[in-house]
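Report on the following structure.
The values are calculated or read from the model by the stated rules, or taken from the named source; none is laboratory data. Model, not experiment: these values are computed from the prediction. Cβ placement follows ideal geometry from the backbone for every residue including glycine, while neighbour counts extend to all protein chains displayed. To get the accessible areas, we keep the full protein, side chains included, count just its heavy atoms, and leave off ligands, DNA and RNA. Shrake-Rupley method; radii C 1.70, N 1.55, O 1.52, S 1.80 Å.
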Amino acid sequence: MHALPSACIICERHQETVLCASCLHSLSIESLINYECCYQCGITLQTEEVHEQHCTQCKNSRPYFDLTYCLDRYEGVLQNAIHQLKYQKRLAYAYGLASAWNSILSKQLRSICATHLLPVPLSTQKLSTRGFNQSWEIARRINCNSSIKKLPTALKRHHHEFQQAGGNLSVRRLSIRDVFYVDHNYIELLQNKSVIVFDDVMTSGATLNEIARVLKDNGVSRVTNWVLLRTKRASNV
Ligand SMILES: [Zn+2]
Ligand SMILES: [Zn+2]
């Protein structure tokens with residue numbers, strides 16, 4: 001494992017902080033918080049959707065989650081940092097990514113009403129290959145209201161491989177059923193609670209939708225997604 005990076009996670013110029021002032025500035029301008037996004041799934045809205053703050057896809061097929069906040073686009077400047085973290089296993093990038101979140105989003109999310117924060121889990125097998133859960137490594141370092149308790153192990157994942165890419169949305173939804181479950185030790189604790197689910201990347205939304213379904217089946221009343229990077233609207237839905 002690497003120690004703290006001695007370079008900016010975006011421009012990779014050598015310096016002491018994990019994000020240089022100029023990269024942080026451009027990220028804060030590009031951030032999705034400055035754009036009109038669907039309150040439910042976080043996708044950027046088309047002109048005709050703006051007045052309702054809701055995208056057509058969410059209106060036609062309501063997701064189980066209630067709200068989504070995303071820091072930036074997947075195609076934006078943080079993509080390399082997330083790849084370094086996930087695929088090169090450079091854990092130090094989690095500090096930089098959390099720092100970007102804290103600088104740009106933490107203040108805005110301070111008033112959010114939730115009691116618990118749950119990272120999207122990896123299966124035990126995947127966890128042992130990668131060595132860590134990237135969503136948790138970022139989530140554990142983000143600043144949030146001290147009344148929000150972070151629970152890294154409440155959500156669990158079976159080791160079912162499912163095809164993330166390809167197929168239409170209904171096929172993806174079908175294949176992801178029964179992948180996630182709530183650890184029985186936490187079911188009572190989460191009754192009627194408003195929870196945050198943290199994910200590093202949101203693509204079709206099928207994973208987060210399935211997690212929200214499972215949480216609500218287990219008595220959770222409200223689910224808000226906090227997502228680092230959001231991919232573009234899919235063209236096949
Ligand atoms: Zn930089
Ligand atoms: Zn939406």
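Computed values, structure above
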| read-out | value |
| --- | --- |
| Estimated translational D of region 1-95 in µm²/s (Stokes, Kirkwood radius over Cα pairs; 10 °C; 1.306 mPa s) | 105 µm²/s |
| Region 181-237: Rg to Rh, with Rh as the Kirkwood radius over Cα pairs | 1.04 |
| Mean Cα-pair separation over length for the chain, i.e. relative contact order, pairs under 8 Å, 6 or more apart, % | 22 percent |
| Compactness of region 38-85 as Cα Rg over 2.2 N^0.38 Å, two decimals | 1.37 |
| Sparsely packed GluC sites (Glu not before Pro) within region 16-115, loop by DSSP, other Cβ within 10 Å at most 10 | E16 |
| Rounded percent of accessible protein surface that carbon and sulfur make up, the chain, 1.4 Å probe | 49 percent |
| Principal axis dimensions, largest first and in whole angstrom, of the chain by Cα | 48, 44, 38 |
| Gain upon complete extension [R13, H25; 0.36 nm per residue less C-alpha separation] | 2.8 nm |
| Charged-residue dipole, Cβ positions (Lys, Arg, Asp, Glu), region 28-96 about Cα centre, Debye nearest 20 | 500 debye |
| Length-normalised contact order of region 16-95 in % [C-alpha pairs under 8 Å, at least 6 apart] | 27 percent |
| Helix-only mean residue ellipticity at 222 nm for the chain, each DSSP H run of n ≥ 4 adding -39500 (n - 2.57), per residue, nearest 500 | -8000 deg cm²/dmol |
| Student exercise, the chain dipole from Lys, Arg, Asp, Glu Cβ charges, in Debye to nearest 20 | 440 debye |
| Residue-normalised accessible area of the chain, given per residue in Å² at a 1.4 Å probe | 49 Å² |
| Descending semi-axes in whole angstrom, ellipsoid equivalent of region 68-157, from the Cα gyration tensor | 21, 18, 10 |
| Estimated vicinal HN-Hα couplings, Hz - region 61-76 in sequence order (Karplus 6.51, -1.76, 1.60; Gly, Pro = x) | 9, 4, x, 6, 7, 9, 9, 9, 10, 10, 6, 8, 6, 4, 7, x |
